[in-house]
Each structure stands twice: as structure tokens, then as C-alpha cells.
1. Do we find that residue 38 is modelled with pLDDT under 85 and in a helix (DSSP H, G or I) in this structure?
2. Contact list please: Cβ distance under 6 Å, first residue in the stretch 16-35 and under 18 Å from residue 4 (Cα atoms), second residue surrounded by fewer than 17 Cβ atoms within 10 Å (Cβ to Cβ) and hydrophobic (A, V, I, L, M, F, W, C), pairs at least six apart or on different chains.
3. Give the number of residues within the stretch 1-35 that are in a loop (DSSP other than H, G, I, E, B), at pLDDT 95 or above and not polar (S, T, N, Q).
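The values are calculated or read from the model by the stated rules, or taken from the named source; none is laboratory data. Fair warning: this is a prediction, and the values are worked out from it, not measured in the lab. Don't worry about glycine lacking a Cβ; one is built from the backbone with ideal geometry, like all the others, and counts go over all protein chains shown.
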Amino acid sequence: MGVFDVLGSQRENFLKWIAGHRSERLMAEGRENNFTADEIAYMQTLDWPDVRHDAGAFRAYVGRRGYAG
């Protein structure tokens, strides 16, 4: 997945964590059709400490690849 390679084994939890936060916003707007409130709450609890700990490396990697963020 290119830019997400630096996440390693944490990639799936990271993407679910993002989906959980986005889905929460969509549910508040009445536009979430894919996840239940329980599923959203679960996704938001997923921890990805390796990624958070090495956020600088992630930003550096993204910068080297020319991705805007």
C-alpha cells in the first residue's frame, strides 16, 4: 500500500481506527450506513502504539514520497 508500508503489522488497526473516527462523524450526520454504533466504538479503541511512537518516521516517509498531508 505504499505510504502505509511503514505501519507494518499495525496497518490494519490504524485503518480501522481511522474508519471508526470517520464513521462516528458520519453517524452524527445521519450518513453512516456500513457500521453499527458498537462497531464504531470498537474500532476507536484499537491501539497502534508502534505507529504513534514512531510518528516522526511516518511523517518523514510520507514527505520523502511526496505525499501531501
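1. Numbers: modelled with pLDDT under 85: no; in a helix (DSSP H, G or I): yes.
Spelling it out, it is not the case that residue 38 is modelled with pLDDT under 85 and in a helix (DSSP H, G or I).
2. 16/46; 17/46
3. 5
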